[in-house]
Amino acid sequence: MANKELNKKPEELTILLPGGAGYIGSHTAVELLDRGYKVVIVDNLSNSSKVAIDRIRQITGANDEQLVFIEADILDRPAMDKVFTNYSVDAIIMFAGLKAVGESTQKPLEYYWNNVGGALTLFDVAREHGCKNVIFSSSATVYGEEAQVPFTEELERGKTTNPYGETKAMLERILTDFYLADDEWSVVLLRYFNPIGAHESGLIGEDPKGIPNNLLPYVAQVATGKLKELGVFGNDYPTPDGTGVRDFIHVVDLAVGHVKALEWMAGKIGTGEPIGRGSYQGPVSEDGTRHGVGVFNLGTGKGTSVLEVVAAFEKACGHKIPYAIKDRRPGDIAVCYAACDKARDELGWVAQYDIARMCEDTWRWQSGNPNGYEG
Ligand code: NAD
Ligand code: UD1
């Protein structure tokens with residue numbers, strides 16, 4: 001079956017967001033709705049809350065036709081078939097997945113089953129309904145431990161260190177193979193660096209269940225007094241202050257990157273030249289829709305150390321964040337940041353927000369919602 005063409009007005013396009021009730025998906029839904037796209041969110045709420053959907057409506061004013069929410073699991077084939085039967089989905093922005101690195105080493109079967117099995121189920125149903133346009137949430141983790149900074153898209157995928165990272169590498173490969181076998185497919189692999197921050201309204205943000213694994217949610221909960229002190233994992237790395245350096249990116253910048261990727265697939269932006277750097281580019285439909293595999297880093301290109309994050313957060317919340325130096329965390333690398341010129345040149349996308357703003361927005365969300373969506 002021919003693929004859906006995308007070079008239409010946003011109002012004429014329906015975008016399916018599996019996992020759209022989660023942290024990055026909810027912010028992306030806001031950016032899509034603000035630009036007039038219709039959004040269908042499918043989420044099993046395993047790591048999110050229905051309250052996020054109400055908040056998306058509150059921010060955007062979207063009605064029931066512009067934003068649809070379906071509580072369902074992407075592994076549930078009949079339920080997915082119903083989604084595609086009831087809504088004319090033009091493109092998928094795939095967020096659904098389990099994402100805790102440590103947990104994935106304990107529960108590899110659950111991670112491969114949910115992330116890879118779930119995606120395959122969904123893509124098969126999508127194909128049956130003639131939708132072969134996919135934007136996929138990948139991660140800088142696919143570059144592996146040995147890569148040199150800045151990470152550029154043409155680097156070969158490296159050796160992943162855990163099942164979570166492997167599901168990202170596998171799905172990159174799987175989606176590329178779809179295109180190589182059938183050049184109707186249009187795929188964009190977005191490699192996120194470290195998303196943090198929250199919508200400026202303070203109404204949506206990251207709401208981890210239990211004790212956070214990642215730096216910013218941990219720091220934010222120390223700032224509200226929910227956690228006692230931050231453990232800084234190692235201060236003997238070969239970095240200016242000895243602590244790990246990461247490329248933190250505001251989640252709203254990241255969300256806008258998805259809209260740009262969609263416009264790029266539709267042929268509305270981009271140079272029209274073969275894009276190279278880890279990407280295949282295939283035929284272009286009569287309406288301009290691109291086919292192929294585009295690979296883009298979404299980061300700022302700037303590294304910030306753990307202690308610099310602590311200092312920026314102290315400024316944002318107005319008081320000290322107690323911390324103690326601990327041993328290095330196994331599997332961590334010293335420095336990670338993106339080369340961002342490809343996304344700039346091809347998607348016309350450059351991150352706007354700095355680390356101060358990321359911390360201010362995280363703080364607004366965390367202080368207004370100390371228990372996340374549970375109130
Ligand atoms: P999140 O956990 O907040 O969102 C993922 C959503 O998927 C959740 O709402 C969860 O309930 C849902 N989900 C999981 N399995 C499902 C299933 N079988 N069926 C239906 N829904 C399901 O995570 P996030 O931070 O918003 O991340 C979104 C995506 O981006 C994930 O795939 C993640 O691996 C990827 N990613 C995240 C980061 C990050 O730092 N947050 C970095 C790189 C990549
Ligand atoms: C983690 C994941 C990575 C995923 C990325 C998405 C691990 C090992 N890696 O990356 O696969 O793609 O999130 O954002 O989980 N830190 C502390 N104390 C803490 C928490 C973190 O010092 O309590 C330090 C870490 O050592 C690291 C930095 O903060 O130097 C960032 O850590 P984190 O937020 O967990 O992200 P990554 O490890 O970069």
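None of the figures in this text is laboratory data; all of them are computed from the coordinates on show. Predicted model, so just to flag it, every value in this text is computed and none were measured. Virtual Cβ from ideal backbone geometry, glycine too; neighbours counted across all protein chains shown.
Numbers below:
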{"read-out": "Estimated dipole of segment 1-95 in Debye, rounded to 20 [Cβ of Lys and Arg +1, of Asp and Glu -1, Cα centre]", "value": "100 debye"}
{"read-out": "Part-to-part distance (alpha-carbon centres) for segment 25-97 and segment 182-209, which is given in Å", "value": "14 Å"}
{"read-out": "Simple spin-label estimate for T85 and D54 in nanometres, 7 Å along Cα-Cβ", "value": "3.2 nm"}
{"read-out": "Alpha-carbon Rg with Dmax, taken over segment 194-350, Å", "value": "19.1, 60"}
{"read-out": "For segment 99-148, alpha-carbon Rg over 2.2 N^0.38 Å", "value": "1.44"}
{"read-out": "Counting all C-alpha pairs of segment 145-264, share separated by more than 19 Å (%)", "value": "65 percent"}
{"read-out": "Where only alpha carbons of segment 10-110 are counted, the Rg and the Dmax (Å)", "value": "13.8, 44"}
{"read-out": "Cα-only radius of gyration and Dmax that characterise segment 200-292, units Å", "value": "20.4, 59"}
{"read-out": "Inter-probe distance in nm under a simple model that places probes 7 Å from Cα toward Cβ, at D34 and E128", "value": "3.7 nm"}
{"read-out": "Approximate shape of the chain as ellipsoid semi-axes (Cα gyration tensor, √5λ), whole Å, largest first", "value": "32, 23, 19"}
{"read-out": "Dipole of the chain [Lys/Arg +1, Asp/Glu -1 at C-beta], most positive-end residue of T243, L298, G231", "value": "G231"}
{"read-out": "Loop-resident sites, segment 275-350, for GluC sites (Glu not before Pro), counting at most 10 other Cβ within 10 Å (DSSP)", "value": "E286"}
{"read-out": "Listed residues P18, A91, P370: farthest to the positive end of the dipole of the chain (Cβ charges)", "value": "P370"}
{"read-out": "Sequence-separation-based contact order of the chain, relative, with Cα cut under 8 Å and 6+ spacing, percent", "value": "19 percent"}
{"read-out": "Extension gain (nm, one decimal) between E286 and E156, 0.36 nm per residue minus Cα-Cα", "value": "43.5 nm"}
{"read-out": "Computed magnitude of the charge dipole of the chain (debye, nearest 20; Cβ of K, R +1, Cβ of D, E -1)", "value": "700 debye"}
{"read-out": "From phi via Karplus (6.51, -1.76, 1.60), per-residue ³J(HN,Hα) for segment 60-70 in Hz, x at Gly/Pro", "value": "9, x, 5, 8, 5, 7, 6, 10, 10, 10, 10"}
{"read-out": "Fewest-first ranking of D354, D43, using other Cβ atoms within 10 Å as the exposure measure", "value": "D354, D43"}
{"read-out": "Full-stretch length increase - N63, D236 - with 0.36 nm per residue and alpha-carbon distance subtracted", "value": "57.1 nm"}
{"read-out": "Gain on full stretching of the segment that runs from D76 to E103 - 0.36 nm per residue minus C-alpha separation", "value": "7.4 nm"}
{"read-out": "Fewest-first ranking of S137, S186, S201, S48, using other Cβ atoms within 10 Å as the exposure measure", "value": "S201, S48, S137, S186"}
{"read-out": "Net dipole in debye of segment 32-153 [+1 Lys, Arg Cβ; -1 Asp, Glu Cβ; about Cα centre; nearest 20]", "value": "220 debye"}
{"read-out": "Furthest towards positive pole of dipole, A255, V101, V350, structure part the chain, Cβ charges", "value": "V101"}
{"read-out": "Convex hull of segment 268-375 built on C-alpha atoms - directionally averaged projected area, nm²", "value": "10.8 nm²"}
{"read-out": "Percentage, to the nearest whole number, of Cα pairs in segment 71-188 over 22 Å apart", "value": "38 percent"}
{"read-out": "Ranked list, fewest to most other Cβ atoms within 10 Å of each Cβ, for K209, K302", "value": "K209, K302"}
{"read-out": "Two-site FRET efficiency, I269 against D182, from Cβ-Cβ distance with R₀ of 22 Å, rounded to 0.05", "value": "0.35"}
{"read-out": "Under Karplus coefficients 6.51, -1.76 and 1.60, residue-wise ³J(HN,Hα) of segment 85-96 in Hz, glycine/proline x", "value": "6, 7, 10, 8, 6, 9, 8, 10, 10, 8, 9, 4"}
